[in-house]
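S.K.: What follows is a single structure, and I will ask about it in a moment.
The values are calculated or read from the model by the stated rules, or taken from the named source; none is laboratory data. Given the structure is predicted, the values throughout are model-derived calculations rather than measurements. Virtual Cβ from ideal backbone geometry, glycine too; neighbours counted across all protein chains shown.
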Amino acid sequence: MNAWTILCDFDGTISVDDVTDVLLERFSRPGWQALEEEWRSGKLSSRLCMQGQIALLDVSKEELDEQIDELRIDSAFPAFVRAAHRAGHALSIVSDGLDYAIRRILARHDLGNLPIHANHLIQTGPRSWRLESPFADKSCRVDSGTCKCVCAQKAQATRRHVMLVGDGASDFCAAEHVDFVFAKYRLNEHCRAKDIHHVSIVGFADAIDLLPALTDDREQPTISNDFNTETFPNA
Ligand SMILES: [Mg+2]
Ligand SMILES: [Zn+2]
């Protein structure tokens with residue numbers, strides 16, 4: 001049996017909405033869009049952008065929790081985790097979002113024990129917050145709060161096969177450092193353009209169906225969908 005390490009993005013991949021965006025839209029003082037613009041135009045790294053945005057939050061812990069508790073995830077994700085663990089794979093979250101929100105959302109689905117690599121949200125006053133980035137890395141090309149490429153490289157160093165599940169720009173770099181990608185949305189386009197081993201998924205219901213192929217190196221299953229045809233690398 002071939003046990004893989006599965007690295008899974010959170011916002012837009014597991015969660016339906018981008019958690020940070022929802023919190024900023026509802027609770028930020030003015031100025032967060034200007035920071036977003038500076039990031040989009042390349043003047044500000046994503047790490048510094050988010051640090052500045054989180055400092056603009058004006059929200060109590062109760063209000064924050066209430067909002068977080070309304071956020072939904074892909075309903076097939078808990079079953080995907082169970083199937084992955086049953087097959088012997090390790091799964092951890094790699095996210096440029098907020099650890100506190102991710103932990104709270106996953107706990108609601110009895111998944112509060114999954115390892116999480118994300119930015120660290122700290123309450124500094126009744127209505128004020130600060131962001132730390134324990135998984136940032138000096139070598140990071142884009143200075144992300146969480147350098148997913150270093151997370152991927154560290155997972156590769158364990159000599160297990162590594163798979164990434166993701167959807168967007170924060171996953172582009174890591175996709176180049178793993179053995180296989182389950183890709184949604186823009187990550188799917190990126191993988192096609194860069195010729196990265198991947199399969200397109202719409203959600204975790206697809207991912208569950210594809211999981212057995214990871215452990216079976218005899219069949220070399222062909223995975224086809226509307227967008228591409230891919231085979232897994234020899235495990
Ligand atoms: Mg995402
Ligand atoms: Zn990086």
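S.K.: Can you name the number of the only condition in (1) in contact with a strand residue (DSSP E or B) (Cβ under 8 Å, 6 or more places away or on another chain); (2) part of a loop (DSSP other than H, G, I, E, B); (3) not aromatic (Phe, Trp, Tyr) that Asp96 fails?
M.R.: Asp96 satisfies all of (1) in contact with a strand residue (DSSP E or B) (Cβ under 8 Å, 6 or more places away or on another chain); (2) part of a loop (DSSP other than H, G, I, E, B); (3) not aromatic (Phe, Trp, Tyr) except (2).
S.K.: Surrounded by fewer than 15 Cβ atoms within 10 Å (Cβ to Cβ), away from ligand 1 (no atom under 16 Å from the Cβ), of a type outside the set (Asp, Glu) and under 19 Å from Ala169 (Cα atoms): does that describe Gln33?
M.R.: Against the criterion (surrounded by fewer than 15 Cβ atoms within 10 Å (Cβ to Cβ), away from ligand 1 (no atom under 16 Å from the Cβ), of a type outside the set (Asp, Glu) and under 19 Å from Ala169 (Cα atoms)), Gln33 qualifies.
S.K.: Buried (at least 17 other Cβ atoms within 10 Å of the Cβ) and in contact (Cβ under 8 Å) with a residue 24 or more places away in the chain: which single residue out of Asp171, Asp110, Asp99 fits that description?
M.R.: Going through Asp171, Asp110, Asp99 in turn, just one is buried (at least 17 other Cβ atoms within 10 Å of the Cβ) and in contact (Cβ under 8 Å) with a residue 24 or more places away in the chain: Asp171.
S.K.: When you look at Cys151, is it over 22 Å from Lys61 (Cα atoms) and within 16 Å of ligand 1 (Cβ to nearest atom), yes or no?
M.R.: Numbers: over 22 Å from Lys61 (Cα atoms): yes; within 16 Å of ligand 1 (Cβ to nearest atom): yes.
Against the criterion (over 22 Å from Lys61 (Cα atoms) and within 16 Å of ligand 1 (Cβ to nearest atom)), Cys151 qualifies.
S.K.: Mind listing whichever residues of region 145-180 are closer than 17 Å to His197 by Cα, within 16 Å of ligand 2 (Cβ to nearest atom) and of a type in the set (Val, Ile, Thr)?
M.R.: Within region 145-180, Val162, Val178 qualify.
S.K.: Follow-up. Residues being over 30 Å from Asp143 (Cβ atoms), touching a helix residue (DSSP H, G or I) at 6+ places or on another chain (Cβ under 7 Å) and assigned to a helix (DSSP H, G or I): count how many of those fall in region 66-92.
M.R.: Number of matching residues: 4.
S.K.: Here's another thing I want to ask about it. Return only the number of the condition from (1) assigned to a loop (DSSP other than H, G, I, E, B); (2) modelled with pLDDT under 95 that Val202 does not satisfy.
M.R.: (2)
Residue by residue, here is whether (1) within 15 Å of the chain's Cα centre (by Cα); (2) surrounded by 15 or more Cβ atoms within 10 Å (Cβ to Cβ) holds:
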{"site": "Ile105", "(1), (2)": "yes, yes"}
{"site": "Ala136", "(1), (2)": "yes, yes"}
{"site": "Ser139", "(1), (2)": "no, no"}
{"site": "Val178", "(1), (2)": "yes, yes"}
{"site": "Leu187", "(1), (2)": "yes, yes"}
{"site": "Lys194", "(1), (2)": "no, no"}
{"site": "His197", "(1), (2)": "no, yes"}
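S.K.: Same structure again: Output the qualifying pairs, or none if there are none: Cβ atoms under 7 angstrom, residues six or more apart or on different chains, first residue in region 30-47 and hydrophobic (A, V, I, L, M, F, W, C), second residue at pLDDT 95 or above and assigned to a helix (DSSP H, G or I).
M.R.: Listed pairs, sorted by first residue: Trp32/Leu24; Trp32/Gln53; Leu35/Cys49; Leu35/Gly52; Leu35/Gln53; Trp39/Cys49; Leu44/Leu35; Leu44/Glu38.
S.K.: Looking only at region 107-145, which residues are closer than 18 Å to Ala55 by Cα and within 16 Å of ligand 1 (Cβ to nearest atom)?
M.R.: If the condition is that a residue be closer than 18 Å to Ala55 by Cα and within 16 Å of ligand 1 (Cβ to nearest atom), then Ala118, Asn119, Ser144, Gly145 are the ones that fit.
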